[in-house]
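Enquirer: So that we are looking at the same thing, I have put the structure below in structure tokens.
The values are calculated or read from the model by the stated rules, or taken from the named source; none is laboratory data. If you're wondering where the values come from, they're calculated on a predicted model, not measured in any experiment. Note that we place each Cβ from the backbone using ideal geometry, even for glycine, and neighbour counts take in every protein chain shown. The protein model used for the area step is the full one, side chains on, heavy atoms only, and it has no ligands, DNA or RNA in it. Shrake-Rupley method; radii C 1.70, N 1.55, O 1.52, S 1.80 Å.
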Amino acid sequence: MKYFVSFIFLLLATVCNSQKKTNSNNSVEKIIIKKNDCMTGDCPTYTIIIHKNGKVELNARRNIPKNMNGDYTSTLGYLDWEVITHMDFTTLKKSYGNIGYVDFPSTDLEIYFSKRKPKKVHDHDNHGTPELIKLYEHIDLLFIKLRWKKVKQSTQPHRF
């Protein structure tokens with residue numbers, strides 16, 4: 001019985017702590033991820049904008065799964081948003097990697113908060129932190145997981 005009560009207490013403490021972490025991350029309003037080209041030309045190149053309300057905008061330029069090219073939209077589920085915003089973006093540095101190697105791919109990340117200035121991160125070679133690597137992997141899964149709708153070309157200037 002003593003072990004059962006201890007287990008319940010530990011479980012409640014974990015749930016409360018994770019809820020507190022989730023609530024603090026709800027200040028993220030929008031994330032923009034721009035994957036830049038590399039010298040070999042075989043790196044995925046795109047810009048993806050993920051809004052808190054679940055709207056996802058994609059400008060696929062090169063080497064994207066399903067041979068996607070152009071502008072697309074989709075809708076992100078709540079759990080995916082929670083996975084993407086799980087990390088504490090405020091602790092990230094402005095830059096990661098060795099910028100001296102120009103042939104490696106890089107990622108530019110912009111995080112927009114409801115009550116703070118945006119955070120911008122340049123990650124050269126895409127290995128900034130373990131959390132960033134997990135974020136990039138999850139974004140890569142979205143290309144396959146989400147149902148993308150091609151956006152018809154308009155006469156308005158491109159916003160990406």
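Enquirer: Restricted to the range 88-103, and to residues that are among the β-branched types (Val, Ile, Thr) and part of a loop (DSSP other than H, G, I, E, B), which residue is nearest to the chain's Cα centre (by Cα)?
Expert: Ile99
Enquirer: Let me ask something else about it. If a residue must be in contact (Cβ under 8 Å) with a residue 40 or more places away in the chain and in a loop (DSSP other than H, G, I, E, B), how many such residues does the range 130-152 contain?
Expert: Final tally of qualifying residues: 4.
Enquirer: Which of the residues spanning the range 64-87 are part of a loop (DSSP other than H, G, I, E, B) and either open to solvent by 60 Å² or more (accessible area, probe 1.4 Å) or closer than 10 Å to Ile50 by Cα (or both)?
Expert: Listed by number, the residues that qualify are Asn69, Leu76, His86.
Enquirer: Give the residues of the range 52-63 that are surrounded by 13 or more Cβ atoms within 10 Å (Cβ to Cβ) and part of a loop (DSSP other than H, G, I, E, B), sorted by residue number.
Expert: Listed by number, the residues that qualify are Lys52, Gly54, Asn63.
Enquirer: So which residues in the range 104-128 are part of a strand (DSSP E or B) and open to solvent by 40 Å² or more (accessible area, probe 1.4 Å), if there are any at all?
Expert: Those that are part of a strand (DSSP E or B) and open to solvent by 40 Å² or more (accessible area, probe 1.4 Å): Asp108, Glu110, Tyr112, Lys119, Lys120, His122.
Enquirer: Output the residues belonging to the range 61-85 that are over 13 Å from Leu142 (Cα atoms), touching a strand residue (DSSP E or B) at 6+ places or on another chain (Cβ under 7 Å) and not basic (Lys, Arg).
Expert: Listed by number, the residues that qualify are Asn63, Asn69, Gly70, Asp71, Thr85.
Enquirer: So, one more: Determine whether the range 25-35 contains at least one residue that is modelled with pLDDT of 50 or more, under 18 Å from the mean Cα position of the chain (by Cα), farther than 19 Å from Lys117 by Cβ and open to solvent by less than 80 Å² (accessible area, probe 1.4 Å).
Expert: Yes, that holds for at least one residue.
Enquirer: Now for a different question. Do we have any residue at all in the range 152-160 that's open to solvent by 100 Å² or more (accessible area, probe 1.4 Å) and among the charged types (D, E, K, R)?
Expert: Yes, the range 152-160 contains a residue that is open to solvent by 100 Å² or more (accessible area, probe 1.4 Å) and among the charged types (D, E, K, R).
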